[in-house]
Structures are given as C-alpha cells and as structure tokens.
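The values are calculated or read from the model by the stated rules, or taken from the named source; none is laboratory data. This is a predicted model, so every value here is computed, not measured. Counting neighbours? That spans all protein chains shown, and the Cβs are built from the backbone with ideal geometry, glycine included. We work out accessible area using only protein heavy atoms, side chains counted, and drop any ligands, DNA or RNA first. Shrake-Rupley method; radii C 1.70, N 1.55, O 1.52, S 1.80 Å.
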Amino acid sequence: MPVDTLAGEQGLPLPSSALLVLVQPRPLTPDENFALDTWVRGGGHVLLFADPMLTAASDYPLGDPRRPQDIAMLSPILSHWGLALAFDEAQPRGEQSVEARGIRLPVNLRGQLGVSAGAHCRVGKEQLLADCRIGKGRAIVVGDAALFDGEDAGRITALEALIALAISR
C-alpha cells in the first residue's frame with residue numbers, strides 16, 4: 001500500500017504488523033520522524049534504503065514529488081536510532097557487489113553506517129547494513145539504493161532476503 005505521508009491524525013497509517021519499505025524518501029518532517037519512531041517502537045518493522053549519493057537516473061523531473069532524493073536526508077531519525085550515514089568521496093565509481101548478513105547487494109557510491117555507543121544496532125564490517133532493535137520493533141537500514149537500478153534475478157533475490165530479514169522477529 002503506497003503511503004504519501006508518515007504522519008496522520010493517529011500517527012503512521014499502518015498496523016504494527018506491516019512492513020514499511022522506504023527507498024530514498026524525501027526528508028521527513030518532525031511529525032513524520034516522530035510517527036515513524038513511535039510506530040517502530042510499538043512493534044513496527046521498517047526496511048529503509050538511505051543512499052548518500054544516488055546514482056540511478058529518474059524518469060521524473062526535478063521538483064516532482066515522485067522523484068527520489070539525490071542525497072539521503074534522514075539524519076534526524078538515523079541519529080535518534082544511534083546511526084550515522086557517511087560517504088567516502090574517494091571510493092571507486094561503478095557498480096560493485098558487497099555481501100552483508102549473507103546477502104549479496106549491488107552498490108554504487110554507497111554509504112557507510114556507523115553506530116553510536118548505547119545504540120541497539122548491529123553493523124557488520126562492511127558498514128552497509130544496520131540491524132536495529134528499537135523498542136518492540138526493528139529497523140533494517142541499507143546505506144545504498146543501487147538494488148533498485150535494475151530488475152535482474154540477483155536483485156530480486158537480494159530484495160526478498162532483505163524483506164525476510166526485516167520481518168523476522
């Protein structure tokens with residue numbers, strides 16, 4: 001079910017049993033950050049792709065609300081959960097493959113996720129995927145969105161594996 005906003009009159013308009021998938025969303029308003037955090041803490045699960053340097057071309061023109069953000073602007077919610085997304089400008093351009101939590105993911109100018117002391121998040125040595133327990137819920141954060149730059153079998157398998165990880169208890 002597509003969602004236009006994360007903050008309705010009663011908060012996030014999804015049941016806590018749902019999986020919310022956010023791919024390079026626009027910056028969230030303070031109300032949306034609060035609603036998302038409250039929903040996850042209450043038992044919701046979110047799979048969030050935050051790419052610090054989106055490399056995919058968009059069919060939508062600048063200014064169109066359907067166009068993905070070129071740079072992830074999610075620092076408020078990420079830092080609230082104890083995460084930081086960094087970008088290494090010296091990394092090589094071009095698609096590569098990185099394994100995180102046993103899942104082979106395509107990346108291109110990816111981010112690196114760091115964890116603050118006291119956060120309930122695990123980040124592997126590749127610093128690409130964070131698995132966070134937030135209250136009764138869970139957030140899986142991926143520091144790249146190149147997974148959505150095509151539709152081959154490997155990408156579909158990787159997305160299915162990420163969804164399975166995000167909904168597992």
Practice item. List the relative contact order of the chain as a percent without decimals, with contacts defined as Cα pairs under 8 Å and 6+ residues apart. Key: 24
Exercise for review: For the chain, give the percent of accessible area contributed by carbon and sulfur heavy atoms, probe 1.4 Å, rounded to a whole number.
Suggested key: 54
Exercise for review: For every helix of n ≥ 4 consecutive DSSP H residues, a contribution of -39,500 (n - 2.57) applies; sum these over the chain, divide by its total residues, and give [θ] at 222 nm rounded to the nearest 500 deg cm²/dmol.
Suggested key: -6000 deg cm²/dmol
Practice item. Quote the accessible area belonging to MET73 in square angstrom, nearest 10, computed with a 1.4 Å probe and with ligands, DNA and RNA left uncounted. Key: 110
**Study point:** Solvent accessible area, Å² - LEU128, 1.4 Å probe, full protein context
**Key:** 0
Exercise for review: Note down the net charge around VAL46, summing +1 for each Lys or Arg and -1 for each Asp or Glu among other residues with Cβ under 15 Å from its Cβ.
Suggested key: +2
Check your understanding: Can you tell which of PRO52, PRO65, PRO25 shows the greatest fluctuation in a Gaussian network model of the chain with Cα springs below 10 Å?
Key -> PRO65
Practice item. Could you tally the net charge around PHE148, taking each other residue with its Cβ under 11 Å from the Cβ of PHE148, Lys/Arg +1 and Asp/Glu -1? Key: -3
Point to revise | For the range 59-153, convex hull of alpha carbons as volume per residue, Å³ | key: 144
Study note, to complete from the structure: Among trypsin sites (Lys or Arg not before Pro) in the range 97-160, those in a DSSP loop whose Cβ has at most 10 other Cβ atoms within 10 Å are LYS125
**Study point:** Distance (nanometres) between label positions extended 7 Å along Cα→Cβ at ASP4 and ARG26
**Key:** 1.1
Practice item. Compute, for SER116, the solvent-accessible surface of its heavy atoms (probe 1.4 Å) with the complete set of protein chains present, and express it in square angstrom to the nearest 10. Key: 60
